[in-house]
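So the structure is just underneath, and the comments pick up after that.
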Amino acid sequence: SDLLCSLLAGIKIKKEVANAFVKRKKRSSPYEWYFEYYKSPMEQMHERCENYPPCDYLSDQVGFALAYNHFFG
């Protein structure tokens, strides 16, 4: 545990690099804005399953549709 903490404490990156990584790409059109904020029902279902570890794990084994229906259907 102490070794892990010291290793993690030693990982540093420059502020500019961190900011460039975190900065979001600006959306160029209302179309892109729309699809960022209003996701399709299928995409919402995928995210719901991905955010629930048992569903995410089962989807790797048997496929998304069966896993989603098992937990949320």
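The values are calculated or read from the model by the stated rules, or taken from the named source; none is laboratory data. What you see is a predicted model; the values in this text were computed from it and never measured. Neighbour counts run over all protein chains shown; Cβ positions are idealised from the backbone, glycine included. Heads up: the accessible areas ignore ligands, DNA and RNA and are worked out on the full protein's heavy atoms, side chains in. Shrake-Rupley method; radii C 1.70, N 1.55, O 1.52, S 1.80 Å.
Listed by first and then second residue, the pairs with beta-carbon distance under 6 Å, at least 6 apart or on different chains, first residue in the stretch 29-43 and at negative phi, second surrounded by 10 or more Cβ atoms within 10 Å (Cβ to Cβ) and of a type outside the set (Val, Ile, Thr), are Trp33/Arg27. Scoring Lys23 on the criteria (1) at pLDDT below 90; (2) surrounded by 10 or more Cβ atoms within 10 Å (Cβ to Cβ) leaves a single failure, condition (2).
Can you pull out every residue in the stretch 26-59 that is open to solvent by 70 Å² or more (accessible area, probe 1.4 Å), part of a helix (DSSP H, G or I) and modelled with pLDDT under 80? Matches in the stretch 26-59: Pro30, Tyr31, Trp33, Tyr34, Phe35, Tyr37.
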